[in-house]
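Taking it in order: structure first as C-alpha cells, then the write-up.
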C-alpha cells in the first residue's frame with residue numbers, strides 16, 4: 001500500500017493550494033493532485049478489500065479458490081480429496097528474501113479430474129499445477145496444523 005499512499009499524499013499536497021495553504025502555480029497541478037487523491041485512495045481501498053478476501057471458501061457443492069483477481073474458481077467439492085500443510089519459497093521481493101520460506105496449504109484434487117489439473121493464478125498468492133493447489137501463507141492468515149485439521153474436518157462434513 002506504500003505507492004498508493006504516496007500518490008495520495010502527493011495529491012493532497014498539490015490540491016492543498018486550492019485552499020490557500022500553499023501557492024499553486026497552475027490548474028494542471030491541481031488536476032494532477034485530484035488524480036493522485038482519487039487514484040491513490042482508490043488503490044488503497046481496493047488493496048484493503050483484497051486483503052480481507054479469503055483464499056478458500058465453501059459454497060454448497062463447490063470450493064471457492066480466490067487466487068486471482070475477480071471471481072473465484074468454483075471447484076466441485078467431490079473432486080477435492082484433502083488439504084495438507086506444506087512449505088514453499090515466500091516469493092517476497094528483494095534478494096534478501098530469496099531463501100525465506102513460508103507455510104502453505106496444499107489442496108489435492110482427484111486425479112480423474114483432468115479438466116482441473118491446472119489454472120492461472122497470481123504467483124504471489126500461490127500456484128495450481130498437476131492437480132495441486134498451493135496457497136502461500138505469505139499474504140494470508142497464519143497457516144498451521146490446527147487450521148489444516150479444521151479445513152479437513154469441514155471438507156469431510158460437506159462431502160457427507
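A residue that is surrounded by 15 or more Cβ atoms within 10 Å (Cβ to Cβ) and part of a helix (DSSP H, G or I) cannot be found anywhere in region 85-100. Could you please let me know if residue 119 is part of a loop (DSSP other than H, G, I, E, B), in contact with a strand residue (DSSP E or B) (Cβ under 8 Å, 6 or more places away or on another chain) and surrounded by fewer than 17 Cβ atoms within 10 Å (Cβ to Cβ)? Yes: the conditions hold for residue 119.
Cβ-Cβ distances below 6 Å connect the following pairs, each with a first residue in region 117-140 that is over 16 Å from residue 84 (Cα atoms), a second residue that is surrounded by fewer than 17 Cβ atoms within 10 Å (Cβ to Cβ), and a separation of six or more residues or different chains: 118/129; 121/68; 122/68. Pairing each residue of region 1-16 that is at negative phi with any residue that is outside any helix (DSSP H, G or I) and loosely packed, with under 14 Cβ neighbours inside 10 Å, provided the two are 6+ apart or on different chains, yields C-beta distances under 6 Å for 16/22.
When you scan region 50-57, do you find a residue that is outside any loop (DSSP other than H, G, I, E, B), touching a helix residue (DSSP H, G or I) at 6+ places or on another chain (Cβ under 6 Å) and closer than 30 Å to residue 13 by Cβ, even just one? No, every residue in region 50-57 fails to be outside any loop (DSSP other than H, G, I, E, B), touching a helix residue (DSSP H, G or I) at 6+ places or on another chain (Cβ under 6 Å) and closer than 30 Å to residue 13 by Cβ. Just so you know, in region 67-80 the residues that are surrounded by 12 or more Cβ atoms within 10 Å (Cβ to Cβ) and out of contact with any helix residue (DSSP H, G or I) (no Cβ under 9 Å at 6 or more places or on another chain) include one that is farthest from residue 152 (Cα to Cα), and it is 68. Of the residues making up region 122-149, those that are in a helix (DSSP H, G or I), surrounded by 12 or more Cβ atoms within 10 Å (Cβ to Cβ) and out of contact with any helix residue (DSSP H, G or I) (no Cβ under 8 Å at 6 or more places or on another chain) number 5. Pairing each residue of region 141-158 that is more than 13 Å from residue 83 (Cβ to Cβ) with any residue that is surrounded by 10 or more Cβ atoms within 10 Å (Cβ to Cβ), provided the two are 6+ apart or on different chains, yields C-beta distances under 8 Å for 141/147; 142/103.
Here, each number is a calculation from the coordinates, and none is a lab measurement. All values derive from a computational prediction rather than experimental measurement. When we count neighbours, we look across all protein chains shown, and the Cβ atoms used for this are built from the backbone with ideal geometry, even at glycine.
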